[in-house]
Amino acid sequence: MLVALSQKAMVKIFPKNNHKMACLQVVFSIVLMDFHKLLNWLIKKMMTQKYPLPDIIYPIQGIKIGIAQAKVRYENRDDLTIFELNTNANTALVTTQSTFAAAPVQLAKDYITKNNPRYLLINTGNANAATGIDGIERAKNTCQSLANLTKVSVEQVLPFSTGVIGETLPDNNIIKALPDALNNLNENHWEKASSAIMTTDTTKKIASQAIKLEYHGQKIHYHATGIAKGAGMIRPNMATMLAFVATDAHIEQALLQAMLKKLTDKSFNRITIDGDTSTNDCCILIATGKSDNAPLISDEQHPHYLPLYQMLEQIFVNLAQMIVKDGEGATKFITVTVKGGKTSEDCAKVAYSVAHSPLVKTAFFASDPNWGRILAAIGKAGVTLSQDKVNVYLDEVMICQRGGLADGYTEDKGQAIMKRPQITITIDLGQGKASDTVYTCDLSYDYVKINADYRS
């Protein structure tokens, strides 16, 4: 647009029959085009640096990652990722609750019950969802091919896909690229993998932590690293998101599964962008047991359980919040905290009602303190409450007091808060002591543009 406007201005300034001026016009246009390219590059660069990467991305002993270009949808981009897990690693899985779960989700849920996974096979660009029996067979073909190359059983390969729904998976392209991915297996490829699994994401999502504990006089170093992707179709019960988290702790399988359920309920199941639930979402938690002298943790009473859980919770919540901040077209990160409920379920209902409301989300995009929209969303949540006990805050500013306009509230105070890039809505129901929190974002013009052009 900048170039086009400048060209129009040049035509008005210089006569069409003036050849020297015409040459100047061309030169000027080229300069502007270069400037335009530079501007686009800078904008893109700023977008890709939306969140700083961890100072240290810890490799996890027992995990190697390989990356390849399979041309699943686009040329010249990394779109195939393989995780190689050590023989004794324990693996937990949670998936979408959609009844239209994608072919790879169906296979992964089946395979993980039959054998200890040794490989994760992830492609981006094609969801292999709504593809029927053919989709199942193509996913099986990719798993079988990787199993043949690595001398493991097919059930030890878990498939994951993300991308466009309803299109045939180019399984032959994936199969051809498997040797390339295997040939560059490396324990330090977490960052590359975070990029390779992206679809509409604008930035990589990585979290990494380490703690040092003591057990029977021995110092034990634990590490955990995770990556995720997701920017739209994000709702409780996961979404168009994939997350892969690993630790070198030695955690018993049943406990690991229970931990993953609790961790996702605190993180990925507490975010919403557009209220839609995907067909492909999956989250994996791996415990390799490779930390030196790591004891087996088989129950919550083990002295290392709580600090390990807290380390993992920090990773899960960080990744979940990154997904919301990177929501398609998002300009604001919004935390909805509901307290004073009779039960946490009531609080969650109210929080999601507010977080899902397009009227609330568009008001935040416009920095419009239309707090009546928040009350309307509270009222439709299906929770019994007394209006005269409800208080609502935007950050530190009380906007609603006992169900009506708060004393001392002004439109200017509300708008000042609404202009902030990160905002917390606190809703006190005045009914009890329970609470819950949900993370969401605003709804912008760009959300429509991104999703209207998703397949182009």
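Observations, loosely collected:
Matching residues to (1) among the β-branched types (Val, Ile, Thr); (2) closer than 18 Å to ASP180 by Cβ; (3) in contact (Cβ under 8 Å) with a residue 24 or more places away in the chain:
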residue: ARG73; (1), (2), (3): no, yes, yes
residue: THR81; (1), (2), (3): yes, yes, yes
residue: THR87; (1), (2), (3): yes, no, yes
residue: ASN90; (1), (2), (3): no, no, yes
residue: THR113; (1), (2), (3): yes, no, no
residue: ASN123; (1), (2), (3): no, yes, yes
residue: ALA129; (1), (2), (3): no, no, yes
residue: ALA139; (1), (2), (3): no, no, yes
residue: VAL157; (1), (2), (3): yes, yes, yes
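- Filtered by the rule that a residue be of a type in the set (A, V, I, L, M) and in a strand (DSSP E or B), the range 185-227 gives ILE206, ALA207, ALA210, ILE211, LEU213, ILE220, ALA224, ILE227.
- The range 316-355, residues that are surrounded by 22 or more Cβ atoms within 10 Å (Cβ to Cβ), among the aromatic types (Phe, Trp, Tyr) and touching a helix residue (DSSP H, G or I) at 6+ places or on another chain (Cβ under 8 Å): PHE316
- Selected residue (criterion: farthest from GLN69 (Cα to Cα)) from residues of the range 158-184 that are assigned to a loop (DSSP other than H, G, I, E, B) and hydrophobic (A, V, I, L, M, F, W, C): ILE165
- Check on VAL154, in contact with a Leu (Cβ under 9 Å, 6 or more places away or on another chain), assigned by TED's automatic domain parsing to the domain that holds LEU178 and hydrophobic (A, V, I, L, M, F, W, C): yes
- Identity of the residue in the range 125-152, surrounded by fewer than 18 Cβ atoms within 10 Å (Cβ to Cβ) and at positive phi, that ends up modelled with the highest pLDDT: LYS151
- Unique residue being among the β-branched types (Val, Ile, Thr), closer than 22 Å to LEU319 by Cβ, buried (at least 22 other Cβ atoms within 10 Å of the Cβ) and at pLDDT 95 or above when the list is ILE122, ILE112, ILE174: ILE122
- Within the range 84-113, if we keep just the residues that are more than 18 Å from the chain's Cα centre (by Cα) and β-branched (Val, Ile, Thr), the residue that is nearest to LYS261 (Cα to Cα) turns out to be THR91.
- Condition check for ARG402: on the phi > 0 side of the Ramachandran plot and in contact with a helix residue (DSSP H, G or I) (Cβ under 7 Å, 6 or more places away or on another chain): yes
- Residue-level check: of (1) under 21 Å from ALA330 (Cβ atoms); (2) buried (at least 20 other Cβ atoms within 10 Å of the Cβ), SER291 misses just (1).
The values are calculated or read from the model by the stated rules, or taken from the named source; none is laboratory data. Remember, it's a predicted structure, so these values are computed and weren't measured experimentally. Glycine gets a Cβ as well: all are built from the backbone with ideal geometry, and neighbour counts include every protein chain shown.
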